[in-house]
Amino acid sequence: MSKTIYDVMILGAGASGMMCAAQLNEQSDLSVLVIEGNERAGKKLKISGGGKCNITNVNVTASNYMGDEQLIESVFAQFSKDDLLTWLANRGLKPVIRKEQYYFCPKSSDEIISILASASQKSHYHYNHTIKSLTKVNIDGKAYFSVTTSKGTHRAKKLVIATGAKSYASVGATDIGVTLAEQLDHSSKPFMPALAGLTLQPQAFWMKELSGISFPAEITVEGKVLSEDILLTHRGLSGPVVLSTSLYWSKGEVEINFLPYTSIKEVMHNNRKLLSTALSLPKRFTQALLEVLQIKDKPCASYKAEELNTLEKAFHHYKLSPAGTYGFAQAEVCKGGVKTDTINSWTLESNIVENLYFAGEVLDVTGELGGYNFQWAFSSAVVVANNMVQK
Ligand SMILES: Cc1cc2nc3c(=O)[nH]c(=O)nc-3n(C[C@H](O)[C@H](O)[C@H](O)COP(=O)(O)OP(=O)(O)OC[C@H]3O[C@@H](n4cnc5c(N)ncnc54)[C@H](O)[C@@H]3O)c2cc1C
């Protein structure tokens with residue numbers, strides 16, 4: 001057992017753990033130990049956004065997340081998207097905007113990782129330490145957290161659980177955070193894959209034949225209307241709009257608008273072109289959907305009213321019942337996690353155990369695709385650090 005008793009121990013050196021350590025180091029002289037199972041910090045950051053890390057989004061509101069709205073708003077009121085961009089700019093990183101909404105690292109994820117590493121260099125990082133268990137111990141009448149890892153036991157006055165969620169186990173992800181929280185009387189919602197592709201039921205298998213085709217679409221799921229590109233794959237559906245759909249979908253139907261920016265009836269009116277040529281969709285897609293509908297591809301103006309109605313329903317209101325998701329191995333995040341009803345929504349400190357804090361994806365807060373999950377990880381980490389320093 002290490003003799004040192006740290007002021008703060010942070011479990012997990014991912015996005016939230018590193019940001020929390022950085023903020024504590026910059027705002028205080030508290031001694032900080034960060035425990036990480038991998039051989040280095042920020043492995044999900046490294047692979048994120050195709051290696052360029054989609055850090056945040058132009059529009060960040062609580063409505064882009066699944067979770068307690070009031071808690072999410074309170075966190076962003078303390079450290080917003082603009083605060084994050086300023087924090088990064090002050091350290092030399094100016095993210096670039098893609099598709100008018102996503103902020104990415106200009107060159108590589110290494111840029112943000114090295115800023116976080118440098119800002120948190122006063123912290124002690126213990127790598128290759130797999131976290132096993134957590135207890136509260138009493139020494140000379142004072143309460144401490146005692147964390148046992150594969151390499152020993154470490155103690156601290158305050159503890160931050162920042163171990164993320166269990167999707168993408170290939171980069172060290174586990175559900176240890178939920179297990180530890182439950183050991184200290186917190187309850188949780190089971191982790192489920194989110195921001196993952198959706199698999200299909202047999203009646204929609206025709207889409208698998210069109211693997212590789214991508215175009216803008218709009219999906220309505222649980223009352224939410226999401227717009228972005230859809231990608232047809234050999235497994236089912238993917239692409240940004242589908243990944244965000246998987247956050248809100250758990251069972252039942254979703255509705256797809258394959259032509260969100262035009263009205264099929266208007267395009268077809270007095271139009272002599274073949275339908276498959278007239279629509280702003282990949283020709284193969286239109287032909288395949290017509291085949292499913294058992295409607296011929298012919299000049300638009302020659303369709304009868306009844307056929308027009310069928311086409312409108314199919315192209316603008318296609319009902320799809322997904323079979324499931326691509327699963328944890330390929331999900332970018334998990335929904336579920338430690339329930340927030342026993343967490344102070346201003347400080348993110350546990351209402352059950354004093355000096356126990358949570359940051360990042362381990363909490364039951366999950367964002368849509370588009371930088372929302374890093375924004376949450378960073379904002380929640382700063383909130384924890386600032387409130388810890390002020391206490
Ligand atoms: C492929 C991929 C791409 C993504 N792209 C984006 C993107 O572009 N934009 C975006 O906003 N989000 C993206 N995400 C989601 C984002 O990576 C996570 O939401 C974010 O990393 C969560 O931060 P966190 O600090 O809570 O957890 P993590 O960053 O996952 O950090 C948790 C840390 O805890 C460590 N840990 C876990 N269990 C143990 C244990 N038992 N012992 C020791 N250490 C442990 C892990 O090794 C990890 O380093 C992506 C995710 C994936 C998988």
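The values are calculated or read from the model by the stated rules, or taken from the named source; none is laboratory data. None of these values were measured; they are calculated from a predicted model. Every residue, glycine among them, receives a Cβ derived from its backbone with ideal geometry; neighbour counts consider all protein chains shown.
A few comments on the model shown:
- Thr310 surrounded by fewer than 24 Cβ atoms within 10 Å (Cβ to Cβ), among the β-branched types (Val, Ile, Thr) and assigned by TED's automatic domain parsing to the domain that holds Ala165: no
- Among residues of the range 291-303 that are within 19 Å of Ser280 (Cβ to Cβ), those with a Cβ under 7 angstrom from a residue that is assigned to a helix (DSSP H, G or I) and of a type in the set (D, E, K, R), sequence gap 6+ or separate chain, pair up as Ile295/Glu307.
- Matching entry among Lys46, Lys107 (being charged (D, E, K, R), assigned by TED's automatic domain parsing to the domain that holds Gly370 and away from the ligand (no atom under 14 Å from the Cβ)): Lys107
- Taken over the range 374-391, the criterion of being over 14 Å from Ala62 (Cβ atoms) and modelled with pLDDT of 95 or more is satisfied by Phe374, Ala377, Phe378, Ala381, Val382, Val383, Val384, Ala385, Asn386, Asn387, Met388, Val389.
- Every condition in (1) out of contact with any Ser or Thr (no Cβ under 8 Å at 6 or more places or on another chain); (2) buried (at least 17 other Cβ atoms within 10 Å of the Cβ) is met by Gly37 except one, and the failing one is (1).
- The set of residues in the range 190-226 being of a type in the set (Lys, Arg) and buried (at least 16 other Cβ atoms within 10 Å of the Cβ) consists of Lys224 alone.
- Qualifying residue in the range 353-369 (condition: more than 16 Å from the ligand (Cβ to nearest atom), assigned to a helix (DSSP H, G or I) and of a type in the set (Asp, Glu)): no
- Listing of helices (runs of 4 or more DSSP H) fully contained in the range 219-325 that carry 2 or more residues being under 24 Å from Glu209 (Cα atoms): 240-248, 275-278, 283-293, 305-316
- For Asn128, the requirement of being touching an Asp or Glu at 6+ places or on another chain (Cβ under 7 Å) and among the polar types (S, T, N, Q) is met.
- Filter result for the condition that a residue is more than 20 Å from the chain's Cα centre (by Cα) and either among the polar types (S, T, N, Q) or under 30 Å from Gly367 (Cα atoms) (or both), over Leu281, Leu274: Leu281
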